[in-house]
Amino acid sequence: MVDSEEWLEKAVHGCHFKSYDYSEFSIQKQIGKGGFGIVYKAEWKACGLPIALKQLIIPMDEKTIQRFIKELKNLQKVCKHSNIIKFYGITRDRGFYNMVLQLANNGDLRKYLKINFSRLEWTDKLRMAHEILDGLKFLHKNDIIHRDLHSKNILVHDGKLLIADFGLSKDETSKTSNASVHGMQAYIDPQCFENITYKRSKKSDIYSFGVILWEISSGKPPFQSLNPYGIIIHIFNGEREIPIEGTPNLYIQLYERCWNYDPNQRPELEEISKKLLDLSRKENFCTNKFDEFISPKISNSKIQLSTNSNNDYEKILKQPLKFIATYSWNTF
């Protein structure tokens, strides 16, 4: 039987990815850690180009290798789009494979909003929304579902937004369902919390996009005062974030449709694109007053939490679907 390292070697070469010698790069510092491993800032010596090296360091079982190869193939398929991170190829160091990626000089969207939000006009926010949408439309056009879209997987380079991190992405034709919930809880399609067999779809990405639209309007992460356990219960109970004062009414209506509990009620990307274009017209740029809104609530069963379950937090993080399915809850 071929061992995992040899299997990975054959898979990489079989896909004809561009390959570079590791000595062509000068490592500068670690800048992140993700599901697959460590991300380093480096320089391409020959041209002085700053790049990111994403290193695969977790145990290489066949399933992990398949996910890694899938991420490479999906990136290679779509990376020429101006709103998707550029993928230059791969390199290898001491047996570890590294993805050679564009380095986004403004960090991720969450960090960018934290630093720059006070300077952003609504024209800037709408442009940002358009750029994410354009990248997402290109993914879906190529039958790729991201499945983990959130503000830390959207990078910013010279002010332009780039969709990144395809570690959970799948072809639309994939038949794999969710055996467990991966990703950042506030952005995950709530159908995943209720149905262990639910297969994330393009409409799941649209749900995530709706949450990101709210985040662009607020400048802060969704449900930032809650822990991951609390976020899951909050969303499952039908709670959503409150609109921010000064947000255009049409923009609020749009993201509320995107994060609708029912996937069939979420708009298509083309309709979202049209609505965002409509928003840029002056006559449609009416904003809300803060006191017009109360916390949005979506009709759904509620979970009644006990007050003495100290292990709930660990349970729901390890097996959120099983936890929700088996937890003692009351409808009221």
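The values are calculated or read from the model by the stated rules, or taken from the named source; none is laboratory data. What you see is a predicted model, and the numbers here were worked out from it, not measured in a lab. Glycine gets a Cβ as well: all are built from the backbone with ideal geometry, and neighbour counts include every protein chain shown.
Looking only at the stretch 252-274, filter to residues that are in a helix (DSSP H, G or I) and buried (at least 18 other Cβ atoms within 10 Å of the Cβ); which one of those is farthest from the chain's Cα centre (by Cα)?
So the residue we want is Ile252.
Return only the number of the condition from (1) within 22 Å of Ile115 (Cα to Cα); (2) assigned to a helix (DSSP H, G or I); (3) touching a Pro at 6+ places or on another chain (Cβ under 8 Å); (4) of a type outside the set (Lys, Arg) that Glu241 does not satisfy.
Checking Glu241 against (1) within 22 Å of Ile115 (Cα to Cα); (2) assigned to a helix (DSSP H, G or I); (3) touching a Pro at 6+ places or on another chain (Cβ under 8 Å); (4) of a type outside the set (Lys, Arg), the one that fails is (2).
Going by what's in this entry, would Asp205 be described as acidic (Asp, Glu) and in contact with a strand residue (DSSP E or B) (Cβ under 9 Å, 6 or more places away or on another chain)?
When the stated conditions are applied, Asp205 passes them.
Tell me yes or no: at least one residue of the stretch 231-243 is surrounded by fewer than 16 Cβ atoms within 10 Å (Cβ to Cβ), within 24 Å of Glu194 (Cβ to Cβ) and of a type in the set (A, V, I, L, M).
Yes: one or more hits.
Considering each residue of the stretch 117-163, count those that are farther than 20 Å from Pro221 by Cα and among the basic types (Lys, Arg), and give that number.
2
With a cut-off of at least 1 residues that are among the polar types (S, T, N, Q) and exposed (fewer than 14 other Cβ atoms within 10 Å of the Cβ), name the helices (runs of 4 or more DSSP H) lying wholly within the stretch 39-143.
Ranges flagged: 62-78, 122-141.
Quick grid of which residues meet (1) modelled with pLDDT of 90 or more; (2) out of contact with any strand residue (DSSP E or B) (no Cβ under 7 Å at 6 or more places or on another chain); (3) of a type outside the set (A, V, I, L, M, F, W, C); (4) under 26 Å from Asn106 (Cα atoms):
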| site | (1), (2), (3), (4) |
| --- | --- |
| Val39 | yes, no, no, yes |
| Gly48 | yes, yes, yes, yes |
| Asp61 | no, yes, yes, no |
| Asn74 | no, no, yes, yes |
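For the subset of the stretch 184-200 comprising residues that are of a type in the set (D, E, K, R) and surrounded by 23 or more Cβ atoms within 10 Å (Cβ to Cβ), which member is modelled with the highest pLDDT?
Within the stretch 184-200, the match that is modelled with the highest pLDDT is Asp189.
Need pairs with beta-carbon distance below 9 Å; first residue modelled with pLDDT under 95 and surrounded by fewer than 23 Cβ atoms within 10 Å (Cβ to Cβ) and within the stretch 201-230, second of a type in the set (Phe, Trp, Tyr) and part of a loop (DSSP other than H, G, I, E, B); sequence gap 6+ or separate chains.
Gly230/Phe223
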